[in-house]
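To keep things clear, I will list the structure first and then write my remarks on it.
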Amino acid sequence: MKRLPVLSFLLALLLLIAATPRSSLTSTAPDPSMPVQTVKLIFIHHSTGQNWLENGNGDLGLALSQNNYFVSDTNYFYHRLKDSLITLPTISGCSVFPANNIWNTRVDNLPLNARSDQWVNTIGRNTGFHMDFGSGTWDGGPIGIPYNLAGAGTPRYALDFYYPDESDSGPYPIPDDPKIEWGSDHHILVVDTSTCFLYEIYDASYSGGAWHGGSGAIWDLDSNALRPAGWTSADAAGLPMLPGLVRYDEIASGVINHAIRFTASQTNGYIWPARHLTSDDPNTPQIPPYGARFRLKASFDISSYPAELQVILRAMKTYGIILADEGADWYISGAPDQRWDNDMLHLLDNLTGDDFEAVDSSGLMVDPDSGATNFGQATFADVSPDYWAWTWIERLYNAGITGGCGTSPLIYCPEDSVTRAQMAIFLERGMNGSAYTPPAGSGMVFADVPLSNWAVNWIEKLYADGITTGCLTSPLSYCPDDSVTRAQMAIFLLRARHSAAYIPPAVGSSTGFNDVPVTHWAAAWIKQLAAEGITTGCGSGNYCPDDTVSRAQMAKFLVLTFNLP
């Protein structure tokens, strides 16, 4: 579609408005309550996101600037829209690794690996694929690799591993009568939804009143940390298993936004992000290593497949498949589910190795000991993709709740404590949206928040909303520069989430935290904050109620409290 006629019309219209005397535009007196501010105009192409204000792109931006309009050549809308469209895989409220993790990174635009043809030939160019999951049973057990959900009350066990030197000691939460992979590997996968940690055990068995296993690995789902170099996990490649499973809930949602696990009968060495090998022969580079990433060729036509299978095929094109264990060639891993249509899944048996190609993912690596990738750029100069709260801070920024703590360069100050003044802004934006502007304050509500205070409008609005009653009485004070404690935060967040009149349930006989007795003044609030999945404490069964809240911690709390995208 030609753009110039449209741009010419817009330019003519804007120049006509600019030349029109203000007296002819309105007959009413100016509204003193309306802000007088510079307006930034940005035109975005509806499909490409291209910035129409760029010089040479119809020269609309140049013409506007010459007629006293403020013009930015920043393609802000497209950048933020692109970032906000990246959604994380989740399980029961837990993100399955950060957005920039290698499992969650697209590979559809990566270059081919130089050994692509050799690796495909070794696994089998004409060998068909098999979806190694489904409904019902096969050979007496469920089809696929199941996973379990656990909570704070799930029993925990120290396992006796026969590969203890490369296993995490635990303890491991294992539900009563857990789901175990049928067959020879006997994997147990458990997501603790109270901490968002993943526990995976290889060759699990129960005898003599105790659990045993071959090897075990524990993964923080908010972290990009890999296993130590050379260590196995519950999988031969030293990788987590759960992130690579195809789950029916993803099919129902219409998107799989992560790489998929698969097996091959021969492997040789390992490459990032894998950490472990089962054979290493420098004379056979044609055999693929653990960690090798393949993708379905872009030219493969998926239009004839049922919609459910197209979800899997699109993921294979976009995120690819990762070689993670030795087994049957081109076997794709997934979780058993009674909703699978096994006959439909067999339609994917016509995929062959020739439909795939190996990619070179080495350029994504930030650090060989991290699963973080350099896909996209971090918004804040002081918050790298490896930082534990990177995903939460990026989400807070994308939602428009924060603009950081400084510019040139843009920084977030993640380790700084949150002040009560900053908290007022965070909460009001969380409740009312990023574009919200509070009414003008009077400077007469709190003795220590005069009209000259930079946050007076926000603080007085928080008071008017009933979220705060201040920090002192006689005179009524707010203590705007004091840091927010974790106990205070519990009340702030729950009132903002529910209402000013909200009262949490009675605390009962325990708060669930070692350092918060039931007699603590915020005990019921802290217990409810944990019950709603907004906090898991500060570690070792504690909550640390008197500790101050950092800006990094606040990012995670706000995203969870207000369900920010």
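The values are calculated or read from the model by the stated rules, or taken from the named source; none is laboratory data. As the structure is a computational prediction, the values presented were derived from the model and not from experiment. Cβ atoms come from the backbone with ideal geometry, glycine included; neighbour counts cover every protein chain shown.
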Among (1) in contact with a Gly (Cβ under 6 Å, 6 or more places away or on another chain); (2) in the same structural domain as residue 132 (by TED's automatic domain parsing) - the single one residue 201 does not satisfy:
(2)
Scan the range 309-332 residue by residue and report those that are more than 30 Å from residue 232 (Cα to Cα) and either surrounded by 18 or more Cβ atoms within 10 Å (Cβ to Cβ) or of a type in the set (Ser, Thr, Tyr) (or both).
309, 311
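One line per residue, one yes/no per condition, for (1) closer than 21 Å to residue 143 by Cα; (2) at pLDDT 95 or above:
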residue: 186; (1), (2): yes, yes
residue: 192; (1), (2): no, yes
residue: 209; (1), (2): no, no
residue: 216; (1), (2): no, yes
residue: 219; (1), (2): no, yes
residue: 225; (1), (2): no, yes
Examine the range 265-273 for a residue that is of a type in the set (S, T, N, Q), buried (at least 22 other Cβ atoms within 10 Å of the Cβ), under 26 Å from residue 222 (Cα atoms) and in contact (Cβ under 8 Å) with a residue 40 or more places away in the chain, and state whether such a residue exists.
no
Could you please give the count of residues in the range 166-201 that are part of a loop (DSSP other than H, G, I, E, B) and in contact with a helix residue (DSSP H, G or I) (Cβ under 9 Å, 6 or more places away or on another chain)?
1
Only residues in the range 539-565 that are within 19 Å of residue 94 (Cβ to Cβ) and part of a loop (DSSP other than H, G, I, E, B) count as the first member; pair them with residues that are modelled with pLDDT under 95 and hydroxyl-bearing (Ser, Thr, Tyr), Cβ under 7 angstrom, at least 6 apart or cross-chain, and list the lot.
565/84
For residues that are touching a strand residue (DSSP E or B) at 6+ places or on another chain (Cβ under 7 Å), under 23 Å from residue 152 (Cα atoms) and in a loop (DSSP other than H, G, I, E, B), tally how many sit in the range 202-221.
2
Identify the single condition in (1) crowded, with 17+ Cβ neighbours inside 10 Å; (2) not assigned by TED's automatic domain parsing to the domain that holds residue 320 that residue 176 does not satisfy, given that it satisfies every other one.
(1)
